[in-house]
Amino acid sequence: MARRRKAAYQKRYQNRFSMCLVMTVVILIMIMVQVKNNELQQKIDIKNEELQLLEAQIEAEKQRELEIQEYGKEVQTKGYIENVAREKLGLVYEDEILFKQDN
């Protein structure tokens, strides 16, 4: 009978030890998963900030594109061409009289 008790006690001790070992491994795995989850969340946050920055740049470039298109339309008008010819090139129409002021 003493042998049976001793054997039962050893089995119970082994079962408890096994359960503690399994629980320790499970807890360690859970900790590792949580740490990796936090790292991934930080990466996601960084990428979201980068995405917002890039979207803002895209919006700014779209606005710039519209301004360039408007400027392109303005440059092709007769009034703009006349202004440039007068101011930068000093050109006048044939029948136009130009008065210059002496300094």
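The values are calculated or read from the model by the stated rules, or taken from the named source; none is laboratory data. Note that the structure is a prediction, hence the values are computed from the model and not measured. As a convention, Cβ positions derive from the backbone with ideal geometry for all residues, glycine included, and neighbour counts pool all protein chains shown. Areas reflect the complete protein model, heavy atoms only, side chains present, ligands, DNA and RNA absent. Shrake-Rupley method; radii C 1.70, N 1.55, O 1.52, S 1.80 Å.
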| query | Taking the Cβ of Q57 as the center, what net charge do the other residues with Cβ under 14 Å away carry, scoring Lys and Arg +1 and Asp and Glu -1? | reply | -4
| field | Accessible surface of region 27-103, 1.4 Å probe, proportion on carbon and sulfur as whole % | value | 57
| request: Would you look at the GNM of the chain, springs on alpha carbons closer than 10 Å, and say which of L53, L28, L89 moves the most? | output: L89
| remark: Measuring from the longest principal axis of the C-alpha atoms of the chain, the long axis of helix 78-87 (C-alpha) lies at a number of degrees, nearest 10, equal to 70
| Which value, in debye to the nearest 20, gives the size of the charge dipole of the chain about its Cα centre, when Lys and Arg are +1 and Asp and Glu are -1 at the Cβ? | 3160
| task | Using a cut-off of 14 Å between beta-carbons, work out the net charge of the residues near Q41 (Lys and Arg +1, Asp and Glu -1, Q41 not included). | result | 0
| Quick one: if you stick a label point 7 Å off each Cα along the C-beta vector at L89 and V25, how many nm between them? | 8.7
| query | So which residue, out of Q14, Q69, Q57, gets the largest mean-square fluctuation from a GNM of the chain using Cα contacts under 10 Å as springs? | reply | Q14
| field | Filtered chymotrypsin sites (Phe, Trp or Tyr not before Pro), region 63-100: DSSP coil and at most 10 other beta carbons within 10 Å | value | Y93, F99
| field | Ellipticity estimate at 222 nm from DSSP helix runs (n ≥ 4, -39,500 (n - 2.57)) divided over the chain, nearest 500 | value | -30000 deg cm²/dmol
| note | Checked against the structure, the computed Rg and Dmax of the Cα atoms in Å among [x] 41.4, 134; [y] 24.2, 83; [z] 17.4, 56 is the one labelled [x]
| message | Quick check: the angle from helix 2-75's long axis to the longest principal axis of the chain, C-alpha only, nearest 10 degrees? | response | 0
| query | Gaussian network model of the chain, Cα springs within a sub-10 Å range: biggest mean-square fluctuation belongs to which of E65, E49, E82? | reply | E82
